[in-house]
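**Q** The structure is given below, and queries will be raised subsequently.
The values are calculated or read from the model by the stated rules, or taken from the named source; none is laboratory data. These figures come from a predicted structure and were not determined experimentally. For neighbour counting, all protein chains shown are included, and Cβ atoms are generated from backbone atoms with ideal geometry for every residue, glycine included. Ligands, DNA and RNA are stripped out before the accessible areas are found, and what is left, the full protein with its side chains, is counted by its heavy atoms. Shrake-Rupley method; radii C 1.70, N 1.55, O 1.52, S 1.80 Å.
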Amino acid sequence: SMDAKECNELIVQSARMAKMRGGSKQAAKEEKVTIDFAYASVVTIKDIKKGDVLSTDNIWVKRPGTGDFLADDYEELLGKFASEDIQANIQLKNEFVM
């Protein structure tokens, strides 16, 4: 535990470190491999035919996070349509969705 003085020092030094790093927080180049693995992309979990509605029955999220649609995009893809036939177990691509 810490007292109020120690807490204030932590806040001050954290702000100092952020300023020393240029004021912005972003991943280092060396972290890209880990980030790609740790995040998930939207993938097909069944074969999808052209015109089918994207739903919880045919898309989900899986690693790695290297696809056109990341896990954060999942819900906004629900209800959209497939613009072509899509095989199961591949990352969903922009050109597959209309």
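**Q** Under 5 Å between amide hydrogens, which residues at least 5 positions from Val97 or on another chain qualify, with H placed 1.01 Å from N in the peptide plane?
**A** Residues meeting the criterion, in which the H sits 1.01 Å from N, are Ser83.
**Q** Per-residue accessible area for Asp52 at 1.4 Å probe radius, Å² rounded to 10?
**A** 60
**Q** To the nearest 500 deg cm²/dmol, what mean residue ellipticity at 222 nm is calculated for the chain from DSSP H runs of n ≥ 4 alone, each contributing -39,500 (n - 2.57), summed and divided by the residues? Working shown, then result.
**A** Details: 3 runs with 28 residues, N = 98.
Counting only the DSSP helices, I get -8000 deg cm²/dmol.
**Q** Hey, can you grab everything whose amide H is under 5 Å from the amide H of Val43? Only 5+ residues off in sequence or another chain; H modelled, so Pro and N-termini drop out.
**A** Hits under the 5 Å cutoff: Trp60, Val61, Lys62, Leu92.
**Q** Find the relative contact order for the chain and round it to a whole percent, using C-alpha pairs within less than 8 Å whose residues are 6+ positions apart. Don't jump to the answer; show the numbers that get you there.
**A** Details: 153 pairs, mean separation 27.1, N = 98.
Relative contact order, the chain: 28 percent.
**Q** Step through the residues of the range 61-67 one at a time and calculate ³J(HN,Hα) from phi using the Karplus curve (6.51 cos²θ - 1.76 cosθ + 1.60, θ = phi - 60°), rounding each to whole Hz and writing x for Gly and Pro.
**A** 10, 8, 6, x, x, 10, x
**Q** What are the equivalent ellipsoid semi-axes of the range 10-52, built from the alpha-carbon gyration tensor (square roots of five times its eigenvalues), in whole angstrom, biggest first? Mind dumping the intermediate values first?
**A** Numbers: eigenvalues 339, 28, 17 Å².
In descending order, the three semi-axes are 41, 12, 9 Å.
**Q** Go through Lys5/Lys25; Lys46/Lys80; Lys25/Lys62; Lys32/Lys80; Lys25/Lys93; Lys49/Lys80 and tell me which ones have a Cα-Cα distance over 21 Å in this structure.
**A** On the way: Lys5/Lys25 26 Å; Lys46/Lys80 16 Å; Lys25/Lys62 26 Å; Lys32/Lys80 30 Å; Lys25/Lys93 29 Å; Lys49/Lys80 13 Å.
Beyond 21 Å between Cα atoms: Lys5/Lys25; Lys25/Lys62; Lys32/Lys80; Lys25/Lys93.
**Q** Could you give the dipole magnitude of the range 1-79 about its Cα centre, charging the beta-carbon of Lys and Arg +1 and that of Asp and Glu -1, in debye to the nearest 20?
**A** Values: 12 positive and 14 negative charges, 72 e Å.
The calculated dipole for the range 1-79 is roughly 340 debye.
**Q** Mind pulling up the Rg/Rh value for the range 1-96? Radius of gyration and Kirkwood radius, both on Cα.
**A** Numbers: Rg = 20.7 Å, Rh = 16.2 Å.
Here the Rg-to-Rh quotient is 1.28.
**Q** Can you list residues from other chains, or at least 5 along the same chain, whose modelled amide H is less than 5 Å from the amide H of Lys80?
**A** Close amide H contacts, sequence-distant or interchain: Leu54.
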